[in-house]
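Q: So that we are looking at the same thing, I have put the structure below in structure tokens.
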Amino acid sequence: MPRRSRIRVRPGTAIALIALFFAVGGSALAVGDRVQGPFVAQQRCTNGAVRGVAVVTGVVSQGIANIPDRFTGAGNLFGRKFNCTGKAVQVRRVETGVFEVRFVGISGANALASAVGDAYATAQAVPGAFRVVMHPAGRDDRIDFAFTIVVV
């Protein structure tokens, strides 16, 4: 008759395995929250740091041309938004190809804009906001395109 082999787990080994389980699980949970979670306000908005980011898409089913002419922070107009002060990010459409983005609580900063698609964008500071102007590649007329603005 064959002998059954039994695995014996000593108390020290059991405690070590439980500790390993919680250590790995806790780290994975923390990383998952940081990667997938919302942006968290920084302690300070320091010079040289990214102070704000806005990916302005408009309502996907309606297009970016339907952004209202008054500042709004409606979440469905943005693919992503971040303000280092923890305050609002707002956008409005001034006219075809011209939008203004306001990062509440941020002043005296510089911005860079990039259009999505076959267009180029420029960003310029205006009182209380940043004006983004978009043109089709190689032309001077204006066109509505989704865009990203980064404030430093």
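The values are calculated or read from the model by the stated rules, or taken from the named source; none is laboratory data. Just so it is clear, the model here is predicted, and its values are computed rather than measured. Backbone-built Cβ (ideal geometry, glycine too); neighbour counts: all protein chains shown. The area values use the complete protein model at the heavy-atom level, side chains included, leaving out ligands, DNA and RNA. Shrake-Rupley method; radii C 1.70, N 1.55, O 1.52, S 1.80 Å.
Q: Please state which one of V104, V116, V132, V98 is hydrophobic (A, V, I, L, M, F, W, C), out of contact with any Ser or Thr (no Cβ under 6 Å at 6 or more places or on another chain) and farther than 22 Å from Q62 by Cβ. Break it down into steps so the answer makes sense when it comes.
A: On the way: V116 fails: farther than 22 Å from Q62 by Cβ; V132 fails: farther than 22 Å from Q62 by Cβ; V98 fails: farther than 22 Å from Q62 by Cβ.
Result: V104 is the single residue among V104, V116, V132, V98 that is hydrophobic (A, V, I, L, M, F, W, C), out of contact with any Ser or Thr (no Cβ under 6 Å at 6 or more places or on another chain) and farther than 22 Å from Q62 by Cβ.
Q: Continuing with the same structure: Sort through T72, T46, T96 and tell me the only one that's under 17 Å from I143 (Cβ atoms) and open to solvent by 30 Å² or more (accessible area, probe 1.4 Å). Working first, answer last.
A: On the way: T72 fails: under 17 Å from I143 (Cβ atoms); T46 fails: under 17 Å from I143 (Cβ atoms).
Sole residue among the options that is under 17 Å from I143 (Cβ atoms) and open to solvent by 30 Å² or more (accessible area, probe 1.4 Å): T96.
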